[in-house]
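The values are calculated or read from the model by the stated rules, or taken from the named source; none is laboratory data. Please read all numbers here as calculations on a predicted model, not as lab measurements. Cβ atoms come from the backbone with ideal geometry, glycine included; neighbour counts cover every protein chain shown.
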Amino acid sequence: MSRASDRKRPLVSAAPADPSRRQLLTAGLVAGAGAALTGLAVRPAVAAGDPAITEIQDWNRYLGDGVDARPYGTPSPFESKVVRRNVAWLTADPVSSVNFTPLHELDGIITPNGLCFERHHAGIAEVDPAMHRLMISGLVDKPLVFTMADLKRFPRENRVYFLECAANSGMEWRGAQLNGCQFTHGMVHCVVYTGVRLRLLLEEAGVKANGKWLLAEGADSSAMTRSIPMEKALDDCMVAFAMNGEALRPEQGYPLRLVVPGWEGNMWVKWLRRLEVGDMAWHHREETSKYTDLLANGKARRFTWVMDVKSVITSPSPQAPVTHGRGPLVISGLAWSGNGTISRVDVTTDGGRNWKTARLDGPSLPKALHRFYLDIDWDGSELLLQSRAIDADGFVQPTKDELRAARGENSIYHNNGIQTWYVKADGVVENVEVS
Ligand code: MTE
Ligand code: CO
């Protein structure tokens, strides 16, 4: 992807840029939310003559499709808006581009296979698994070539991991720009991978003492060669052939992808066909200049592999406004860290003056998405919603100002700054920044 900062800014619905208005917002904001609710006082709307009660509906009157009608199930047509979306102006061509996971429509921690964001440098390779091979070459005792059938005879394991593109939130470095968490944070997905620990395959080939790096290569026409240090390869990397219980989707690297838990997405080579063991990184090659973080002083951070602690409120958010008015409101979001698990998420409704500890719900797995909730009683006044994640290593998600002070605004990669959503009295939500 070319640099977001080179692009014209606000082609997609722009966030409010008037700083005076934002200051006013922060200054004038009274705590818009009451205490977290223990017992929910949801008063369902009962309307006399509600046709949903009084009228017999078609689905109640007629027989439905039989079990032979839908051999591979798809979501209800009423969910047709829950799709991956791209941002047309971001890249010149959809073949080397990205689309985004609809985070605002999802719950729990698992991303459905058909909704995992896609990032391709040369389109989707449609690989015939019978013709697919994985070669391990270079500084090994025994160069090996595996078929898919060979790989499925190694002991396998199941692990839940998030994958985040290093460029996720990259368009937000210089200010609030895209109106929706799908676009600001949707270059992340989290699935259960089934596969073989990479260590097992490397042990089979016998890595020589001077084998310190792996060059991973994909079978697509971009090849996407990436260097991976041997310690990581021998630690928790996997070669995966299944996601969420079924074969990988072509978009995600069918029939085989590298899984590099907690590290930036570009190293998770899809359509994985070769692993070359070397004694040094392939960093002198073309890839060196990519995936570095340019700082304000012209220096660049390199080898920033671990994805930092991060979180975002997925609802309410610009694409998921509050439509039910005041009263009980579920604030929901996601948190993750490439270091391991999330130990706490704080949520503020007043732009950071007061913080409450959110409720983490569901499994807390290392290097996986975590789901959090804060159940509030909304009094209908304006909110400035933010979430701040803290991981088990004690890393705290920074504000965007803190991040810019440390890194400048030249980078595209590794923006893990705290996101602000401005919830208006009518429930409409906008992407803003407060300072
Ligand atoms: N692997 C190959 N072979 N080709 C690619 O274009 N893109 C990389 C990585 N692996 C890529 C690849 C990038 S930049 C990212 S962020 C992830 O795949 C995206 O994985 P996904 O498409 O499953 O979301
Ligand atoms: Co990427």
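If you go through region 382-435 one residue at a time, how many are among the basic types (Lys, Arg) and in a loop (DSSP other than H, G, I, E, B)? Talk me through it step by step, then tell me what you get.
Taking region 382-435 and keeping what is among the basic types (Lys, Arg), we get 388, 400, 404, 407, 424.
Within this subset, residues satisfying the condition of being in a loop (DSSP other than H, G, I, E, B) are 424.
Residues that pass the stated criteria total 1.
It is to be established whether one or more residues within region 88-96 are farther than 23 Å from residue 321 by Cα, surrounded by fewer than 18 Cβ atoms within 10 Å (Cβ to Cβ) and at pLDDT 95 or above. Before the answer, list the steps.
Step one: filter region 88-96 for residues farther than 23 Å from residue 321 by Cα, giving 88-96.
Then drop every residue that is not surrounded by fewer than 18 Cβ atoms within 10 Å (Cβ to Cβ), which leaves 88-89, 91-96.
Narrowing further to those that are at pLDDT 95 or above: none.
No, region 88-96 contains no residue that is farther than 23 Å from residue 321 by Cα, surrounded by fewer than 18 Cβ atoms within 10 Å (Cβ to Cβ) and at pLDDT 95 or above.
Go through region 119-166 and report how many residues are under 25 Å from residue 306 (Cβ atoms), out of contact with any Gly (no Cβ under 7 Å at 6 or more places or on another chain), within 16 Å of ligand 1 (Cβ to nearest atom) and not aliphatic (A, V, I, L, M).
Final tally of qualifying residues: 5.
Does residue 334 count as crowded, with 18+ Cβ neighbours inside 10 Å, assigned to a strand (DSSP E or B) and touching a residue at least 60 places away in the same chain (Cβ under 8 Å)?
Working: crowded, with 18+ Cβ neighbours inside 10 Å: yes; assigned to a strand (DSSP E or B): yes; touching a residue at least 60 places away in the same chain (Cβ under 8 Å): yes.
In short, yes.
Please verify whether region 217-238 includes one or more residues that are outside the structural domain of residue 320 (by TED's automatic domain parsing), within 30 Å of residue 429 (Cα to Cα), of a type outside the set (Gly, Ala, Ser) and within 15 Å of ligand 1 (Cβ to nearest atom). Write out each step before concluding.
Here is the first cut: in region 217-238, the residues outside the structural domain of residue 320 (by TED's automatic domain parsing) are 217-238.
Okay, now just the ones that are also within 30 Å of residue 429 (Cα to Cα), so none.
No, region 217-238 contains no residue that is outside the structural domain of residue 320 (by TED's automatic domain parsing), within 30 Å of residue 429 (Cα to Cα), of a type outside the set (Gly, Ala, Ser) and within 15 Å of ligand 1 (Cβ to nearest atom).
Which of the residues spanning region 146-172 are within 16 Å of ligand 2 (Cβ to nearest atom) and in a loop (DSSP other than H, G, I, E, B)?
Across region 146-172, the qualifying residues are 165, 166, 167, 168, 169.
Hey, among the residues in region 213-246 that are on the phi > 0 side of the Ramachandran plot and at pLDDT 95 or above, which one's farthest from the chain's Cα centre (by Cα)? So that I can check it myself, show each step before the final result.
Quick first cut of region 213-246, residues on the phi > 0 side of the Ramachandran plot only: 223-224, 244-245.
Among the residues that remain, those that are also at pLDDT 95 or above are: 244-245.
Details: 244: 16, 245: 20 Å.
Ranking the candidates gives 245 first.
Quick one: count up the residues across region 173-201 that are within 16 Å of ligand 1 (Cβ to nearest atom) and in a strand (DSSP E or B).
First, the residues of region 173-201 that are within 16 Å of ligand 1 (Cβ to nearest atom): 182-195, 198.
Right, trim to in a strand (DSSP E or B) and you get 188-195.
So the answer is 8.
Could you check region 265-283 and list, in sequence order, the residues that are more than 7 Å from ligand 1 (Cβ to nearest atom) and in a loop (DSSP other than H, G, I, E, B)? Step through it out loud before you land on a result.
Quick first cut of region 265-283, residues more than 7 Å from ligand 1 (Cβ to nearest atom) only: 267, 272-283.
The answer is 279, 280, 281.
What are the pairs with Cβ atoms under 9 angstrom where one residue, in region 140-164, is closer than 18 Å to residue 248 by Cα and the other, located anywhere, is part of a loop (DSSP other than H, G, I, E, B) and among the basic types (Lys, Arg)? Sequence gap at least six, or different chains.
159/367; 160/367; 161/367; 162/367
Can you name the residue in region 49-86 that is of a type in the set (Lys, Arg) and closer than 26 Å to residue 119 by Cα and is also surrounded by the fewest Cβ atoms within 10 Å (Cβ to Cβ) among such residues? Working first, answer last.
The first filter runs over region 49-86 and keeps only residues of a type in the set (Lys, Arg), leaving 61, 70, 81, 84-85.
Those still in the list that are closer than 26 Å to residue 119 by Cα too: 81, 84-85.
Working: 81: 9, 84: 18, 85: 16.
Across region 49-86, the extreme among qualifying residues is 81.
Run residue 431 past the list (1) in contact with a Ser or Thr (Cβ under 6 Å, 6 or more places away or on another chain); (2) surrounded by 21 or more Cβ atoms within 10 Å (Cβ to Cβ) and report the number of the one that doesn't hold.
(1)
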